[in-house]
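Report on one structure; see the data block that follows.
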Amino acid sequence: MTLYLFYFLSFVAILSALLVVFSKSPIHSILYLIITFFSIAGHYVLQNAQFLAAVHIIVYAGAIMVLFLYVIMLLNLNKETEPHKTNLAKMAAVICAGSMMVVLVASLKGASYLVAKPGNEIGLVKNLGKVLFNEFLLPFELSSILLLAAMVGVVMVGKQDHRTQILTNTPTTEANKTE
Amino acid sequence: MIPIDNYIWLSTVLFSIGVLGVLYRRNAIIIFACIELMLNAVNLLMVSFSNTLNDSRGQVFVFFIMAVAAAEVAVGLAILVMMYRKTKSVDIDILNRLKG
């Protein structure tokens, strides 16, 4: 039963990941990416990582995907007329990705000899919290500083630059004056 | 219990699809989406190894990767919006102009 669920979720994940790459409209790509993320959350639940599944849905489907859709709609990019690469470059991309997959599979193949240890309690909030706040306390605090720095940086980058606006406006006003 | 080989295959395929998208498309937003796909493939692999070895540290790493991914997407999309303001396009090939 679990194995069938695994195959179903994997099929959905891979199919929608392919559709992310190959669909024409950016909005459709992002919507397929949301489907991929939900099936990955299903995989987390299959692996007894309930806390990570919840966090995954909240962070990715809730925050990051909304950000993507918001930017696409803000920039009004929902056109299917975007430029594409040449067929040669596309073929090279497919060959590169395929050979990289072969190399990765070949290098990771020996992992099935790993001895699985019993126990399915590690994904719960209690155990994760114990590890997170004892062993990984400093990285946890540093990640909060990272998020703060990212927030400040985004505000600084996204703000309209008044100086360049004045610089670009000045010649036109002077031109108007001379006219 | 699902054998770990299945998860290795799945996350390798997802990662390669992400690489394919980065190489295949010219739209910068889709490239960002494919980078997210690659991060998620790595997360999935890390969770499955942590489940197999019964070690919580893998899942804590996934937690940190999620935090970094959120920050990365926010900064990257802000840069993209600024680039769109200057060039009126999100075509990644236009960034050729950045070279010295």
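The values are calculated or read from the model by the stated rules, or taken from the named source; none is laboratory data. Please read all numbers here as calculations on a predicted model, not as lab measurements. Cβ: placed from backbone, ideal geometry, glycine included. Neighbour counts: every protein chain shown.
Tabulated results
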quantity	calculated
Pairs with Cβ under 6 Å, 6+ apart, first in the stretch A:7-33 and more than 7 Å from chain B (Cβ to nearest Cβ), second among the polar types (S, T, N, Q) and assigned to a helix (DSSP H, G or I)	A:Leu9/A:Ser39; A:Val12/A:Ser39; A:Ser16/A:Thr36; A:Ser23/A:Ser29; A:Tyr32/A:Ser16
Leading residue by the ranking (nearest to the other protein chains (Cβ to nearest Cβ)) among those in the stretch A:119-138 that are in a loop (DSSP other than H, G, I, E, B) and within 18 Å of A:His56 (Cα to Cα)	A:Ile122
Criterion violated by A:Leu142 - all others in (1) within 26 Å of B:Ala78 (Cβ to Cβ); (2) within 8 Å of chain B (Cβ to nearest Cβ) satisfied	(2)
Matching residues in the stretch B:1-49 - criterion: being among the polar types (S, T, N, Q), at the interface with chain A (Cβ under 7 Å from one of its Cβ atoms) and in a helix (DSSP H, G or I)	B:Asn6, B:Thr12, B:Ser16, B:Asn40, B:Ser48
Odd one out for A:Met1, checked against (1) more than 7 Å from every other protein chain (Cβ to nearest Cβ); (2) within 24 Å of B:Ile30 (Cβ to Cβ)	(2)
Positions within the stretch B:64-100 being small (Gly, Ala, Ser) and more than 16 Å from A:Leu75 (Cα to Cα), in sequence order	B:Ala67, B:Ala69, B:Ala70, B:Ala71, B:Gly100
Unmet requirement for A:Gly62, which otherwise passes all of (1) more than 7 Å from chain B (Cβ to nearest Cβ); (2) at pLDDT 90 or above; (3) closer than 22 Å to B:Met38 by Cβ	(2)
Inter-residue pairs, beta-carbon under 9 Å, first facing chain B (nearest Cβ under 8 Å) and in the stretch A:84-99, second among the β-branched types (Val, Ile, Thr), 6+ apart	A:Ala93/B:Val19; A:Ala93/B:Val22; A:Cys96/B:Val19; A:Ala97/B:Ile17; A:Ala97/B:Val19; A:Ala97/B:Val22
Yes/no for A:Leu52 being facing chain B (nearest Cβ under 10 Å), closer than 30 Å to A:Met151 by Cα, without any contact (Cβ under 8 Å) to a residue 12 or more places away in the chain and not basic (Lys, Arg)	no
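This table checks each residue for (1) modelled with pLDDT of 90 or more; (2) touching a strand residue (DSSP E or B) at 6+ places or on another chain (Cβ under 9 Å).
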{"position": "B:Ser16", "(1), (2)": "yes, no"}
{"position": "B:Leu23", "(1), (2)": "yes, no"}
{"position": "B:Ala71", "(1), (2)": "yes, no"}
{"position": "B:Met82", "(1), (2)": "no, no"}
{"position": "B:Arg85", "(1), (2)": "no, no"}
{"position": "B:Asp91", "(1), (2)": "no, yes"}
